[in-house]
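What follows is a set of notes on a single structure, which appears directly below.
None of the figures in this text is laboratory data; all of them are computed from the coordinates on show. Because the structure is a prediction, the values reported are computed rather than measured. Because the Cβ atoms are built from the backbone with ideal geometry, glycine has one as well, and the counts that use them run over all protein chains shown.
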Amino acid sequence: MQTSYTRLTSFEREEISRGAWTDESFASIARRIGRPTSTVSREVHARVKYVRCYRAETAQQRAKELRAQGRRPKKLDTHVHLKQYVYTGLRRQWSPEEIAKRLVLAYPQDKTMRISHETIYQHLYCLPRGELKTELMRNLRQERKLRQPRKYAHAKRQRIQDIISISERPVEVADRTVPGHWEGDLIVGKDHASAMGTLVERTTRLTLLVPLQKKDALSVCFRQGHLAVLHVGIR
């Protein structure tokens, strides 16, 4: 069983739909997809009145609509004039703190022209990689690729070079609607004496295990990549 909650995938809803049509018990369906029985029961009863009427496609679409309704739009994505002012200030090498203070002076009566410096930072670091992000980040007085707590500002710890934030992954990867996207992780055994890599396909949750002789980044990357290529080739 899963130890932490994740949203049901389209594949899991298809399995629930098949089971519901054949009068399979919720407990049996749950064991087959590796979910708690309560998750399956709650999913079905939240969508339909009669169990046999449950349809995976309709349930998946409704789940997407509910997730979309729950997302608050970002202020700089909906307020064009404010966004133009912020971008202009950044190109003039104003700091986000300076921009936030200048807005109050420039628009004392317009409360919509307000934004915190932290919101500006978050907007910048969540921009997709490209010329716009490169230009705006270059104009920051202290350019950093990652936001971090102040107490870590002078830490000597080595960081991954040219890291890509998880927020920059495509929508189809985040929603798990298109198969073929894999996640890799590392499991270290007792006393760090052994290690195993994992590859999980995000849509189907198919899991591949990779035995490792070493735990360094190059070995992990090579072994996981090699196994993924072999699996795709076999299919």
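Before moving on, here are some points about what is shown:
- Karplus-derived 3J(HN,Hα), 6.51/-1.76/1.60, for each residue of the range 42-57, Hz, glycine and proline x: 5, 4, 5, 5, 7, 9, 9, 7, 10, 4, 5, 7, 5, 10, 4, 4
- One decimal place: the segment residue 61-residue 216 gains 51.6 nm when fully extended, by the rule 0.36 nm per residue minus the C-alpha distance.
- Gyration tensor verdict on the range 10-70 (Cα atoms; rounded if a/c is under 1.5, prolate if a/b is larger than b/c, oblate otherwise): prolate
- Multiplying the residue separation of residue 81 and residue 193 by 0.36 nm and removing their Cα-Cα distance gives an extension gain of 34.6 nm.
- Modelled spin labels at residue 186 and residue 109, positioned 7 Å past Cα toward Cβ, are 6.0 nm from each other.
- Cα-centre dipole for the range 10-70 with unit charges at Cβ (Lys and Arg positive, Asp and Glu negative), debye to 20: 140 debye
- With R₀ set to 45 Å, the beta-carbon distance separating residue 52 from residue 135 gives a calculated FRET efficiency near 0.20.
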